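Asker: Handing you this structure, nothing more for now.
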Amino acid sequence: MATWDVVIVGGGLAGLRAAIALRGLRVAVLSRVHPLRSHSLAAQGGINAALKNMPEATDDSVEKHTYDTIKGSDFLADQTAAATLCEQAPRTIYEMEHWGTPFSRLDNGRIAQRPFGGTEVPRTCYAADRTGHHLLQTLYGRIRKHDIAVFEEFVVLRLVEADGRVHGVVGIDLAAGSIVEFAARSVLFATGGYGRVFRNSTNALINTGSGIAIAYRGGVSIKDLEFVQFHPTTLFGTNILITEGARGEGGHLKNATGDRFMSEYAPKLMELAPRDIVARAITTEISAGRGFSGGYVELDLRHLGHDRIHERLPGIWEIARDFARIDACETALPVLPGQHYSMGGIDVDIQGHSAIHGFFACGECACVSVHGANRLGGNSLLETLVFGRLTGEAMSRFLAEPGQGIDHAAIARAKAQIIDQVDRLARGTLNAAGIRDRMRDVLSDDVGVFREEKGLISARDRIRQLADDAVQVRADSAALRFNGGLITALELPMMLDLAMIICEGALARTESRGSHFRTDHASRDDQIWLKHTIATVGADGPRLEYRDVDLSRYEPKEREY
Amino acid sequence: MVLLAGTYYPEGYMSVTESLIHVLRSDETDSAEPAFVSFAVPHDNDMTVLAALLWIQDNLDGTLALRYSCRGAVCGSCAMVINGDITLACRIHLRNLPAEVFVEPLPNLPIQKDLVVDMTRFWESWARVRPYLIRFDDMGEKETLQTPAQLDRIEQFINCMLCACCYSACPLQQRNPEYMGPAALAALARFENDSRDRRGGDSLKEVSHDSGIWGCRSVFRCIDVCPRNVRPADGIAELRTRALKDLLGRRKR
């Protein structure tokens, strides 16, 4: 069996950007869907960089972007990593533009930038409200130009690790209906987020977070998973994302009495406060009985006018029409918070390297950490491209050293494990989707925007019970070819792993910071809790340890907007 | 009134709490002819066809094969035929359909299994037009300037999500499997019209044949079915004009 230099799992922005950085080597990109279907494409609002293109932003700077990011993170971000993200931003935008991204423009031909949450200066570059779509198509065009090998509809199930280093991955080729192995000198996971562990999420249905769980089971530590971003404005009913850009363009949030309630929570930045603050504000309004019946508030775009809405937010207008039967020019949108992004993820350093030699991660599935306890809008698209490239370059340097040989026996063992698991599923009794849906209820109800001890303990107990039940789930068929039910059953224990890590991390962290808010410990506690949570797999569930934050540039301060 | 894939239905047409979904099932690896299999799906007012199919997969038959991802009509995965209309399953609501719904895979592409079709030819056509910016100039450090008016020239083409609805709706595609199809040619129009692109006349020459830009017969089904309001036929017409001008030596480059 041939050995690849690099196997990249995940065909979204981060994975593809890394592949481009690694071209020339024997690179294989494995994706569970065609790369153009990756969830990166659903990103709407924009990508940040201190380009200073807007008249109001002439004194913007990389430094300001860095500070906004660190403050936005509630001072949990590793500051050198955050600075790197922001330093690399302008060249990243220009590179994507040179490659053909159709950014929206100013009259003078320069890339337009819109205001976004958590910053006083407009630095979010955008392509209407379909920025992710345009970036992903641009990158995938380059992948085809360089003829980089892409294996579509491969679901990776195991990371093969032995002797403290990586040997490859094993998974299912959905079209061929067979278990396949990829022996590799290095592996990169760029598998995205885990939104579907929650009931209410903006994420694509394929975002099960299995990549993070596979790494966890493979012995890799997972960092800060309790920090879950709830996007303030998801469409009531479907939780489809309504971009922060709608507020950036001037949209107003109103409760049932018609008040712009953000004046009570963030008087200066109002609707453009960081996401965790707006999400808590909306949730509070709804709990206090000031929401609309059914449990939502309104995002009013009417005053923006027909032209501006159709020019800057055409995607939103279509989403409102298709999924809420509303014309956003005539009626305000019903919105409420929903799970959206994972600040936490696979524990890696600024090069994307984990503690397992040759195993790297980048993008949403990784935690460097650049976003700390809360991510600013526009910084995720940026992260995928910046760290996609930097991690790819780091892997290139890693591969310049001679390899140490592949442990084929370990790969064979991983393959055998999967075969065993599939056999067991064919003989199981319980319905996987039922357990999955109950897990989602637990997370959304008790590990959401507001958390407290009793709810978290109860959540942990219920997840443990569900994990026990999950051992008995059944798949209707053991056939490997395009068998969605089998994949659901195989991924269920992985999702439960993530649910447990999130829950344990949230229970242990007796403070409130960024997106993690404990009603029973409502203040930030820098004395005890200015540290990252590091979770590793143990006999009875995740073992938690802690690690200091890189505070080399700025003193943590009170976070007010 | 609700406009569903070109047909008007009264709001809440056939208000039901259970739908009978008939799915055309088959597998290229076995010799049986495709046949409809029926599933009863209980639902509330908000269930989409995609959600119904996934409910079937979760509760009735885990082997029902279909493609999906975003569920929000932006990724293009779930294109299929619903009661004869080519559309995205995630944005068709059961409340707007009759109580019996017939679901079939996209035409013009070989069926792999159930609703999963082999998109290889579609992707190959697209790749053939070199769907990336081609330029040889020194781009400098900052962005290449492009005015809103210049961006407007490619506006409709850039929104294509390569869902293959147009490819499946096109009768010329059905007649000629070698035809490159509306999406690939619209993608070429997107790059030809991008003020930054410098691909030169050869690129049009390469598609100036009966399976390229001259394959279109202006039936406009592509425009009818596109969920993103892309007008591939317009793009093809525009490419033909350019090709003719090139032929006559009339085009300024």
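The values are calculated or read from the model by the stated rules, or taken from the named source; none is laboratory data. Since the structure is predicted, the reported quantities are computational estimates derived from the model, not experimental observations. No Cβ is skipped: glycine too gets one built from the backbone with ideal geometry, and neighbour counts run over all protein chains shown.
Asker: For segment B:57-81, how many residues are more than 10 Å from every other protein chain (Cβ to nearest Cβ) and either of a type in the set (Gly, Ala, Ser) or surrounded by fewer than 22 Cβ atoms within 10 Å (Cβ to Cβ) (or both)?
Answerer: Selection size over segment B:57-81: 2.
Asker: Let me ask something additional. Identify the single condition in (1) buried (at least 22 other Cβ atoms within 10 Å of the Cβ); (2) more than 14 Å from residue B:156 (Cα to Cα) that residue B:236 does not satisfy, given that it satisfies every other one.
Answerer: Tallying (1) buried (at least 22 other Cβ atoms within 10 Å of the Cβ); (2) more than 14 Å from residue B:156 (Cα to Cα), residue B:236 fails exactly one: (2).
Asker: Residue by residue through segment A:296-315, note down the ones that are at pLDDT 95 or above, in contact with a strand residue (DSSP E or B) (Cβ under 8 Å, 6 or more places away or on another chain) and assigned to a helix (DSSP H, G or I).
Answerer: A:303 - this is the single residue of segment A:296-315 that is at pLDDT 95 or above, in contact with a strand residue (DSSP E or B) (Cβ under 8 Å, 6 or more places away or on another chain) and assigned to a helix (DSSP H, G or I).
Asker: Among the helices (runs of 4 or more DSSP H) contained in segment A:76-167, which hold 2 or more residues that are in contact with a Pro (Cβ under 6 Å, 6 or more places away or on another chain)?
Answerer: Passing ranges, in order: A:131-145.
Asker: Related question: So residue A:120 passes all but one of these: (1) among the acidic types (Asp, Glu); (2) closer than 28 Å to residue A:210 by Cβ; (3) more than 9 Å from chain B (Cβ to nearest Cβ). Which condition number does it fail?
Answerer: Answer for residue A:120: the failing condition is (2).
Asker: For segment A:430-460, name all the residues that are more than 21 Å from the chain's Cα centre (by Cα) and within 14 Å of chain B (Cβ to nearest Cβ).
Answerer: To start, the set of residues in segment A:430-460 that are more than 21 Å from the chain's Cα centre (by Cα) comprises A:430-435, A:438, A:452-460.
A:430, A:431, A:432, A:433, A:434, A:435, A:438 - these are the residues of segment A:430-460 that are more than 21 Å from the chain's Cα centre (by Cα) and within 14 Å of chain B (Cβ to nearest Cβ).
Asker: Still on this structure: Can you find even one residue in segment B:103-117 that is facing another protein chain (nearest Cβ under 7 Å), in a loop (DSSP other than H, G, I, E, B), closer than 27 Å to residue A:146 by Cα and not aromatic (Phe, Trp, Tyr)?
Answerer: Within segment B:103-117, none of the residues are facing another protein chain (nearest Cβ under 7 Å), in a loop (DSSP other than H, G, I, E, B), closer than 27 Å to residue A:146 by Cα and not aromatic (Phe, Trp, Tyr).
Asker: Considering every residue within segment A:162-178, establish whether at least one is within 14 Å of chain B (Cβ to nearest Cβ), of a type in the set (S, T, N, Q) and surrounded by fewer than 22 Cβ atoms within 10 Å (Cβ to Cβ). If you could, list the steps in order and put the result at the bottom.
Answerer: Of all residues in segment A:162-178, those within 14 Å of chain B (Cβ to nearest Cβ) come to A:172-178.
Then keep just the ones that are of a type in the set (S, T, N, Q); that gives A:178.
Applying the additional criterion that residues be surrounded by fewer than 22 Cβ atoms within 10 Å (Cβ to Cβ) yields A:178.
Yes: one or more hits.
Asker: Applying the selection to segment A:263-278, what residues are part of a helix (DSSP H, G or I), of a type outside the set (A, V, I, L, M) and in contact with a Leu (Cβ under 9 Å, 6 or more places away or on another chain)?
Answerer: Hits for segment A:263-278 are A:271, A:275.
Asker: From the list A:442, A:422, which one is touching a helix residue (DSSP H, G or I) at 6+ places or on another chain (Cβ under 8 Å) and surrounded by 23 or more Cβ atoms within 10 Å (Cβ to Cβ)?
Answerer: Selected residue: A:442, the only one of A:442, A:422 that is touching a helix residue (DSSP H, G or I) at 6+ places or on another chain (Cβ under 8 Å) and surrounded by 23 or more Cβ atoms within 10 Å (Cβ to Cβ).
Asker: OK, next. Of the residues that sit in segment A:224-242 and are β-branched (Val, Ile, Thr) and within 11 Å of chain B (Cβ to nearest Cβ), which one is nearest to residue A:316 (Cα to Cα)?
Answerer: A:242
Asker: Separate question: If I ask for residues that are touching a Leu at 6+ places or on another chain (Cβ under 9 Å) and of a type outside the set (S, T, N, Q), which ones from segment A:362-376 would you list?
Answerer: Selection gives A:362, A:363, A:367, A:368, A:370, A:371, A:372, A:373.
Asker: Just to verify a result, which residue in segment A:287-317, among those that are of a type in the set (Gly, Ala, Ser) and closer than 21 Å to residue A:240 by Cα, is surrounded by the most Cβ atoms within 10 Å (Cβ to Cβ)? It would help to see each step written out before you state the result.
Answerer: Just the residues of segment A:287-317 that are of a type in the set (Gly, Ala, Ser), to begin with: A:287-289, A:291, A:293-295, A:305, A:315.
Restricting the remaining residues to those that are closer than 21 Å to residue A:240 by Cα gives A:291, A:293-295, A:315.
Numbers: A:291: 21, A:293: 6, A:294: 10, A:295: 12, A:315: 25.
Looking at the filtered set, the residue picked out is A:315.
Asker: If you don't mind, another one. Out of all the residues in segment B:173-190, which are over 14 Å from the mean Cα position of the chain (by Cα) and over 11 Å from residue B:214 (Cα atoms)?
Answerer: Listed by number, the residues that qualify are B:174, B:175, B:176, B:177, B:178, B:188, B:189, B:190.
Asker: Out of A:192, A:245, A:251, A:209, I need the residue that is within 14 Å of another protein chain (Cβ to nearest Cβ) and either among the basic types (Lys, Arg) or crowded, with 24+ Cβ neighbours inside 10 Å (or both). Which one?
Answerer: Of the residues listed, the single one that is within 14 Å of another protein chain (Cβ to nearest Cβ) and either among the basic types (Lys, Arg) or crowded, with 24+ Cβ neighbours inside 10 Å (or both) is A:192.
Asker: So, one more: How many of the residues making up segment A:50-69 are in contact with a strand residue (DSSP E or B) (Cβ under 6 Å, 6 or more places away or on another chain) and within 11 Å of chain B (Cβ to nearest Cβ)?
Answerer: First, pick out the residues of segment A:50-69 that are in contact with a strand residue (DSSP E or B) (Cβ under 6 Å, 6 or more places away or on another chain): A:53-54.
Going one step further and asking which of them are within 11 Å of chain B (Cβ to nearest Cβ), we end up with A:53.
Count: 1.
Asker: Taking only pairs six or more apart or across chains, which ones have beta-carbon atoms under 8 Å, a first residue in segment B:105-122 that is among the aromatic types (Phe, Trp, Tyr), and a second residue that is surrounded by 19 or more Cβ atoms within 10 Å (Cβ to Cβ)?
Answerer: B:122/B:109; B:122/B:162; B:122/B:164; B:122/B:167; B:122/B:181; B:122/B:183; B:122/B:184
Asker: OK, next. In segment B:228-251, which residues are without any contact (Cβ under 8 Å) to a residue 40 or more places away in the chain, within 29 Å of residue B:79 (Cα to Cα) and of a type outside the set (D, E, K, R)?
Answerer: Answer for segment B:228-251, where residues must be without any contact (Cβ under 8 Å) to a residue 40 or more places away in the chain, within 29 Å of residue B:79 (Cα to Cα) and of a type outside the set (D, E, K, R): just B:237.
Asker: Could you list, in sequence order, the residues of segment B:118-148 that are more than 9 Å from chain A (Cβ to nearest Cβ), surrounded by fewer than 18 Cβ atoms within 10 Å (Cβ to Cβ) and outside any loop (DSSP other than H, G, I, E, B)?
Answerer: B:120, B:124, B:128
Asker: In addition: So, in segment A:483-511, exactly how many residues are touching a strand residue (DSSP E or B) at 6+ places or on another chain (Cβ under 7 Å), more than 27 Å from residue B:57 (Cβ to Cβ) and in a helix (DSSP H, G or I)?
Answerer: Of the residues in that region, 5 qualify.
Asker: If you don't mind, another one. Taking segment A:475-497 only, how many residues are acidic (Asp, Glu) and within 7 Å of chain B (Cβ to nearest Cβ)?
Answerer: 1
Asker: In the list B:216, B:170, B:165, B:222, which residue meets the criterion of being touching a strand residue (DSSP E or B) at 6+ places or on another chain (Cβ under 8 Å), among the hydrophobic types (A, V, I, L, M, F, W, C), at pLDDT 95 or above and under 23 Å from residue B:110 (Cα atoms)? Before the answer, list the steps.
Answerer: Values: B:216 fails: touching a strand residue (DSSP E or B) at 6+ places or on another chain (Cβ under 8 Å); B:170 fails: touching a strand residue (DSSP E or B) at 6+ places or on another chain (Cβ under 8 Å); B:222 fails: touching a strand residue (DSSP E or B) at 6+ places or on another chain (Cβ under 8 Å).
Testing whether each residue is touching a strand residue (DSSP E or B) at 6+ places or on another chain (Cβ under 8 Å), among the hydrophobic types (A, V, I, L, M, F, W, C), at pLDDT 95 or above and under 23 Å from residue B:110 (Cα atoms) leaves just B:165.
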